[in-house]
1. Could you tell me whether any residue of region 310-322 is buried (at least 18 other Cβ atoms within 10 Å of the Cβ), over 29 Å from Val238 (Cβ atoms) and of a type in the set (Asp, Glu)?
2. Please find, among Ile90, Ile106, Ile24, the residue that is among the aliphatic types (A, V, I, L, M) and crowded, with 17+ Cβ neighbours inside 10 Å.
3. Looking at region 300-334 only, could you name the residues that are in a strand (DSSP E or B) and among the aliphatic types (A, V, I, L, M)?
4. So which of Lys58, Lys73, Lys39, Lys32 ends up being assigned to a helix (DSSP H, G or I), charged (D, E, K, R) and either surrounded by 14 or more Cβ atoms within 10 Å (Cβ to Cβ) or touching a residue at least 40 places away in the same chain (Cβ under 8 Å) (or both)?
5. Counting only residues that are modelled with pLDDT under 90 and among the aromatic types (Phe, Trp, Tyr), which one in region 231-274 is nearest to Lys345 (Cα to Cα)?
6. Which members of region 344-372 meet the condition of being among the hydroxyl-bearing types (Ser, Thr, Tyr) and within 18 Å of Tyr247 (Cβ to Cβ)?
7. With the checklist (1) of a type in the set (Lys, Arg); (2) buried (at least 20 other Cβ atoms within 10 Å of the Cβ); (3) under 17 Å from Asp162 (Cβ atoms) in hand, flag the one item Lys326 doesn't pass.
8. Only one of these is surrounded by fewer than 23 Cβ atoms within 10 Å (Cβ to Cβ) and in contact (Cβ under 8 Å) with a residue 60 or more places away in the chain: Leu305, Leu337. Name it.
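The values are calculated or read from the model by the stated rules, or taken from the named source; none is laboratory data. The model shown is predicted, which means the values in this text are computed figures rather than measured ones. All Cβ positions, even for glycine, are placed from backbone atoms using ideal geometry, and neighbour counts span all protein chains on display.
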Amino acid sequence: MKKKHIAMAGWGTWWHVFPIKSLIEHIHKNPKYSQKISKIIRFGQKKSLEKELFDELKQKYPLLYFQNIVSGKYRRETWFSSKLKNVRDIFKFMFGIFQSIFYLVIHRVDVVFCKWWYVALPVVFAARFLRKKIVVHESDVRSWLVNKIAARYANRVFTGFDWVFVKSTTVGQILSDEIISKQSIKNPPKVRDISQKNIELTIQEQLFYSDPSKTYLLVMWWSQWSKRLYQDLQNTIVSNPEIFKNYEIFVVLWKENVQQKELFEKIKNVHTFDFLSQSEMWLLLKHCDISLTRAGTTSLAEQKLYNLKIIMVPIPWTHDQYDNAKYYVKHYDDILLDSKDPDYKNNMLKIFDDYKNFKKSEQNVDILSVISKAKDVIVNELIS
């Protein structure tokens, strides 16, 4: 049987790029898949998140290849400058299609997997021109324009939610095996004297030294648009000590927000992390009760695996995050906190007051089986 050559295209935020990374890792970890695939070509752009993740994966999986292509972007703004950029980007998009045709032929690609964003669309058009198989996965409750177009030409469309497309198969989200719980928090092998100044505690130690009778709150606004939200949270905590004394708060800042760390350094029950990998995130997901987060589908799905009560603050100008949040409110009784609401700060305080004694219930769920399901279905389609 001829081994498959698979192209994967997608660009965007961590929560759109990570699924492709997870899919690649799933293929290489399972011989039943890796034996049927001889090459995976990752289409993207050089100065991008997908290139960073590719470089990490390439060290472990030598059969990966990266192809840099250009692509245009459609801007909905009515400004004259946006219209000019849209005209310019038509030519970039056309050039990206010719690039993609060339690379698909050179690599003898059999099937194209499309995830999200404009860099994927030239690859889809090229695959259509060459009559290659196209597989699409849409994460959100309401599809973005790129996947709406890609789905028209796809041989198979998978979704994270029901009824996103008329002809599609719901498989859930593509999640990483790295968020699977490995163990419970135990006494660290070497319990250090935490009274020492400037000691850097590990995530295990911060959880271990926290008060288990309190409600554990996980805060992770992983985007460059979150500076104001961190400031609002810090002001709310400082102004309402009687409410927040019931919480142990774990704040993940991410690269774009490391400068916000000083906001929380003097608050005793707040623990900050500059960055956590997915292989570390499971510790917080397992032990926290509530989360305060954006409304990206991959992140929400990871939190729901560990049964967190989720307080969602969607990015204001994104329709997809509001739709995702409304879905979780309806189906899981989670909470939508709208930062555009004039009373947003008071609403935030009321929520924290209502849930100050909340402890989540434990779930007896085989997380590995749940995570593997979507990836197995998609990979089987890619190699069929």
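1. Looking for residues that are buried (at least 18 other Cβ atoms within 10 Å of the Cβ), over 29 Å from Val238 (Cβ atoms) and of a type in the set (Asp, Glu), one finds at least one in region 310-322, hence yes.
2. Values: Ile90 fails: crowded, with 17+ Cβ neighbours inside 10 Å; Ile106 fails: crowded, with 17+ Cβ neighbours inside 10 Å.
Unique residue meeting the criteria: Ile24.
3. Ile310, Ile311, Met312
4. Working: Lys73 fails: assigned to a helix (DSSP H, G or I); Lys39 fails: assigned to a helix (DSSP H, G or I); Lys32 fails: either surrounded by 14 or more Cβ atoms within 10 Å (Cβ to Cβ) or touching a residue at least 40 places away in the same chain (Cβ under 8 Å) (or both).
It is Lys58.
5. Residue satisfying both the conditions and the ranking: Phe264.
6. Quick first cut of region 344-372, residues among the hydroxyl-bearing types (Ser, Thr, Tyr) only: 344, 355, 361, 369, 372.
Within region 344-372, Tyr355 is the sole residue that qualifies.
7. Status for Lys326: all satisfied but (2).
8. That would be Leu305, the only listed residue that is surrounded by fewer than 23 Cβ atoms within 10 Å (Cβ to Cβ) and in contact (Cβ under 8 Å) with a residue 60 or more places away in the chain.
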